[in-house]
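Derivation of every value follows stated rules applied to the coordinates shown; laboratory data play no part. The structure displayed is predicted, hence computed values, not measured ones. All Cβ positions, glycine included, derive from the backbone under ideal geometry; neighbour counts span all protein chains shown.
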Ligand code: SF4
């Protein structure tokens, strides 16, 4: 390798890395279209003997000649956003890890090797380059650096043992994904150049004279000689670290220990002693690093132009969102937040504009909550299995969708020590399979079975008289309903059997067993909540607890009591005033916005814009066509997301959010014990993403509200939340959680109310301070307030045209669609399995394992 050789190769890497490190700048396209470049470029490949180089150069030259500069710039930047920023369906991953491992995950083992090479050469990735150090442009620039510094041996080593190992695969992907001739030609040129260089390093010399011409071509471009992706100076590896935090993959929020090697998240495990996880994680939490490092992430702000996305600067994108917010009449900008990470900050901003807000709630367990949050102090009362003797489950699969891994472990332990678990479920779920007794039931008929069990308990005087008399409200009315005194329909086991398909004697037996056992409790979840009669069925199941006085008793549903923290707005800081949000279409008892009716709201002019944060209305609001149409009709829509989704595709602007592993929050929580949990910023925000709190602050500044959002460092707000409490932020950060109140049975006796005292929060409130058989809010709204079985509307019942009832369930490996970018989980469960009764399947000629 003589000096000229090294100089020429360095120029080639300089040229190629400039084309790949970002969008190709307009000025560079203009320079490449000049005769000086085109002539030398053409000459440089003549007689080089490598077809890929010749063909690649020819395609690039043709493309440069046949397009005007601006049009070509636009085509390329749209293609760049689609391929490299994950705005399109066929992404290209310019990262070594992806091509070496064959998995769409970045920051894997190849990065540690890469860092070793960097250290040997005395460089590191420049912090000004927002993309990853394993990006192809960085590796190309590193090769250029080694050649320019005359480091022949390291150059050979890196080229042969790192670069050559994956670049061909990258080129294949680029050629297959691009919509433009330019990138097609570039893919061929890069691969050809790599092959040519491999042979030259082995002594092949034909066509070496063409190198001079390439140098002339590159020189004509006047490329900036400074290194754009590398900085001089070697960086020592960071010490291994374990960060206490919490998992935010599902609502359980288990404590988690994040393990870092040289600053890279290499694994996660449970956080010892944490009340939610109890030191355990499920596969979703265990694969959190694959969520963080998924190659499918959004990496930079995107703006839609001519129906396609292009990269934008943060300033441009934030200005556009702020102007979009200002352009929509007050109260007509919808705000959908699919998660509640640090929600106090973004809710405050959108509440200031009187934005109608919705969350994932209407798609989740709304009817469950409606049944519980007015009757109790809790929307989802969780059984404490620690001392359980008898457990009844309806519409829930605790092993697959548990509210915390500690609870799952407790249930397993309870079964092991002989507690009886009875699961009513149309499907033999993981929990049903492990239960003492699985009772198949017709979908959406659980309410009838629960009412009949209440009937048996009341009829046989098996209820807890003391609890019913002193701690419940509306028992007499409920009793009349059960005995059929109102309408002549006795809610007997025989009546329920006809509806549910469960034998009457089974209903009676289970009811008696349940009432007579010592430590008992019953629970239900979304299996009941997501059907039209869910509120009434859930209330009927809860009435079993009410009759048997199991609330806060050993083995019963534990009453929540989490601490209320101070305001994040500290001394001298002011929270923005709120404006009331106008009412949108609603359903019966629930007073919130019903997103399923969004199209009628848009057509009626009640909604004209939408901000989507961490959610996909098109996928989750039920009627995909109507939701798509509604979003399309809106005047302005923006998404704040870590990954592209169906709804973000419809937006004018996308702001790339950091994942939950790159941002922090303080959250009071509860599972038997009351505690404060800390969610740590495990790694700094990757790419050009920003955490949601920062996005909110930046938007607020542009909307003239910056003074209400004064934090430069969000930890100042966390300190405010803990100021004047016995718990310090420093201690919380160090431990990951602080238990504020120990678990206790019969707390309500101490509180003298089912509701916790001042200073504590819960997820519901009983107006009577007792458990209500009569739902007071339903009563106020003129709806039937008592638990019962309600027959679903006729058009939702099976008929000859649609003979099946469709239900859904959650997979253990996934949290709805939010984990579909986690390759580890997709390998474990990469498709939705259809479950159907074997007899129905056989009648339809469907065999197990067949694709339908
Ligand atoms: S149950 Fe699994 S996904 Fe949910 S918080 Fe716990 S570890 Fe994370």
Please determine, in degrees from 0 to 90 and to the nearest 10, the orientation of helix 136-148 with respect to the longest principal axis defined by the Cα atoms of the chain, where the helix direction is its Cα long axis.
30
Provide the convex hull volume over Cα atoms per residue for the range 518-637, in Å³.
181
Rg/Rh for the range 644-784, where both radii come from Cα atoms and Rh is the Kirkwood radius
1.08
Radius of gyration and Dmax over the Cα atoms of the range 794-852, both given in Å
14.9, 43
Estimated FRET transfer efficiency when R0 is 22 angstrom, pair residue 62-residue 27 (beta carbons, to 0.05):
0.55
Which residues does a label at residue 261 reach in the range 220-239, if reach means a backbone N under 11 Å from a point 7 Å past the Cα toward the Cβ?
none
Any idea how far apart residue 796 and residue 466 come out in nm if each label point goes 7 Å out from Cα toward Cβ?
4.1
Regarding the range 393-471, what whole-number volume in Å³ per residue does the convex hull of its Cα atoms give?
133
So, in nm, how far is label residue 586 from label residue 212 when the simple model puts each one 7 Å beyond its Cα toward the Cβ?
8.3
18 Å reach of a label modelled at residue 573, 7 Å along Cα-to-Cβ, counting backbone N of the range 325-369:
341-352
When the Cα atoms of the range 272-325 are enclosed in a convex hull and the volume is divided per residue, what value in Å³ results?
166
Mind checking the full-extension length gain between residue 827 and residue 688? Use 0.36 nm per residue of separation minus the Cα-Cα distance, one decimal, nm.
47.2 nm
Which three lengths, in whole Å and largest first, does the range 169-301 cover when its Cα atoms are put on their principal axes?
70, 38, 33
Starting from one equal scatterer on each C-alpha and no solvent at all, send me the Debye-based log10 I(q)/I(0) for the chain at q = 0.06, 0.07, 0.09 Å⁻¹, two decimals.
-0.48, -0.64, -0.97
Diffusion coefficient in µm²/s returned for the range 474-550 by Stokes-Einstein, Kirkwood Rh over C-alpha pairs, 25 °C and 0.890 mPa s, is 180
Pulled fully out, how much extra length does the chain show between residue 516 and residue 837, if you take 0.36 nm times their separation in residues and subtract their Cα-Cα distance?
112.2 nm
Can you put 204, 675 in order, fewest other beta carbons within 10 Å first?
204, 675
So if we plug the beta-carbon distance of residue 752 and residue 169 into 1/(1 + (r/R0)^6) with R0 = 51 Å, what FRET efficiency do we get, rounded to 0.05?
0.15
Cα centroid of the range 143-204 to Cα centroid of the range 503-522, whole Å:
71
Order these peptides, 333-346, 778-791, 59-72, by their mean beta-carbon neighbour count within 10 angstrom, highest first.
333-346, 778-791, 59-72
Between residue 109 and residue 851, what is the spin-label point distance in nm, taking each point 7 Å from the Cα along the Cα→C-beta axis?
3.2
Per the Kirkwood definition applied to all pairs of different Cα atoms, how many angstroms is the hydrodynamic radius of the range 348-413?
14.5
What angle do you read, to the nearest 10 degrees and between 0 and 90, between the alpha-carbon axis of helix 181-201 and the longest principal axis of the chain?
60
The distance between the Cα centres of the range 442-465 and the range 776-796, in whole Å, is 18
Between the range 217-290 and the range 12-74, the Cα center-to-center distance that results, in Å
38
Could you order the peptides 149-157, 404-412, 37-45 from most to least packed, using the average number of other C-beta atoms within 10 Å per residue?
404-412, 37-45, 149-157
How large is the translational diffusion coefficient of the range 3-232 in µm² per second when you combine the Kirkwood radius over alpha carbon pairs with Stokes-Einstein at 10 °C and 1.306 mPa s?
90
Taking every C-alpha to C-alpha distance in the range 16-99 and binning by 10 Å from 0, the per-bin percentages run 16, 41, 34, 9
Here the Kirkwood hydrodynamic radius of the range 86-171, Cα-based and in Å, equals 13.4
Helix-only CD estimate at 222 nm, as mean residue ellipticity for the chain, using -39500 (n - 2.57) per DSSP H run (n ≥ 4)
-12000 deg cm²/dmol
Measure nothing but the geometry: give the 0 to 90° angle between the long axis through the Cα atoms of 109-121 and the longest principal axis through the Cα atoms of the chain, rounded to 10°.
40
Net lengthening on full extension, residue 198/residue 240 (0.36 nm per residue, minus Cα-Cα)
11.4 nm
Which FRET efficiency value, to the nearest 0.05, is calculated for residue 783 and residue 434 with the Förster distance at 25 angstrom and r the Cβ-Cβ distance?
0.10
Bridge type composition, the chain - antiparallel percent by DSSP, nearest 5
55
